[in-house]
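To start, the structure under review is shown below, and the notes come after it.
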Amino acid sequence: MTSQKVRPGHVDEYQRWQNRTNDAAREFEGFEGSEVYPPGAGSENEWVTVFRFSGIGYLTAWLESDRRRELLAEGRGFIEEAPTQEVLRGGSLAEQAPETVTAVISHDVKPGREEGFLRWQEKTLRVQEKAPGFMGSELFRPVEGVEDRWVVVFRFDSREHLEDWLGSDARSKLLEEGRTYFASYDVRKVGSAFSGWFRFGKGAEDAAPPNWKQAMSVVLALYPTVMVLNLTVGYELDEFGVPGYVGLFIGNVLSVSTLTWLLMPLVNKALAFWLVPGRARGFRVHAAGALVVALCYLLFIVVFGLITR
C-alpha cells in the first residue's frame with residue numbers, strides 16, 4: 001500500500017502518472033490487481049494506492065525494479081514528499097465490503113518491545129470491539145527485508161464511526177500507554193473511489209455516503225448521460241468518420257465533465273435525504289432511497305428503449 005500527498009493543482013498530472021504506474025506494475029509477474037483511493041475528508045490531498053501481488057518475491061521484484069524507480073523520479077514534480085508504503089502479507093484491502101471504511105496504522109516498534117506491543121494491541125482490540133460500527137481488524141507483522149513496521153488495518157461501517165473511534169478518549173488513553181512500545185505511528189484512511197463526487201460539508205454528519213449508495217447514484221447519472229451522448233455526439237462523430245477509439249475518448253471526456261459539474265450536484269441535492277449519513281437514519285429511509293433510484297433506472301431503460309426503436 002502506497003500513499004502520497006499530491007501538490008495542489010497537480011491532480012490531473014498525478015492521475016495520468018498513476019495510470020502509467022498501474023500499467024507498468026501490470027506487466028510484472030505475479031501482479032493480481034491495483035486500486036486507487038482518492039483523498040477522504042481531512043486527508044490533506046493524500047492518495048492511497050494498493051498493489052496486490054501473488055507473493056512477496058513478485059512484489060519485491062516490482063518494488064526494486066528500474067521501471068518503478070524511473071516512474072518515482074517522474075512523479076517528484078507533483079508529489080509533495082517521498083511516498084510512504086506498507087507491505088501487508090495475507091489479507092487484502094480489496095476484500096472489504098463496499099460500504100466499509102478502512103484505516104491503516106503503521107507503528108515503529110521499539111527494539112525488544114515486540115511482545116509488549118502485541119499485548120497492548122490485544123488490549124486495544126478488546127476496547128475497539130465495543131466501538132459502534134467496528135467490523136474487524138488485522139495485524140500484519142514486519143516482512144523481513146521488505147517492511148520494518150508493524151501495520152494494523154481496521155474497518156468501520158462508516159466514516160462517521162471511524163472518526164468517532166479515532167477521536168475517542170478511550171483511544172487517546174491507549175495511545176499514551178502504547179508509546180512505551182512504539183516510537184511513532186502513522187494513520188492513513190482508505191476512502192471511496194467516488195468521494196470527489198459526494199461532498200456535502202465538513203462535519204462528521206456530512207461525510208461521504210456508503211459506497212453502495214455512491215455506486216447506485218453514479219449509475220443513475222451515468223447511464224442517461226452515455227445514452228444521450230451516443231444518440232447525439234456519437235452519431236455526429238460517426239457521420240464525420242471519426243475513428244471509434246477517438247470517439248470513445250471524446251465521449252468519456254464529455255460524460256465525466258457532465259457528471260462532475262452538472263449531474264452529480266443535482267443528484268446529490270435530490271437524494272440528500274438518502275445520501276447524507278447524518279440524515280439517512282433508519283431502514284425505511286435506506287430502503288426508500290434505493291427504491292427511488294431503482295425506479296429511475298427502470299424509467300430510463302423504458303424511455304431509451306422506446307427512443308432507440
Subject >> Semi-axis lengths, Å, the range 220-309, gyration tensor of Cα atoms, sqrt of 5 times eigenvalues >> reply: 32, 16, 8
**OP:** Could you pull out the chymotrypsin sites (Phe, Trp or Tyr not before Pro) across the range 227-302 that fall in loop regions by DSSP (anything but H, G, I, E, B) with no more than 13 other Cβ atoms inside 10 Å?
**Re:** Phe240
Original post:
In the calculated pair distance distribution of the range 127-171, what percentage of Cα-Cα distances lie above 16 Å?
Top reply: 46
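No lab work stands behind these numbers, since they all come straight from the coordinates. Here the structure is a predicted model, which means the values were calculated and not measured. Using ideal geometry, Cβ is built from the backbone for each residue, glycine included, and neighbour counts are taken over all protein chains shown.
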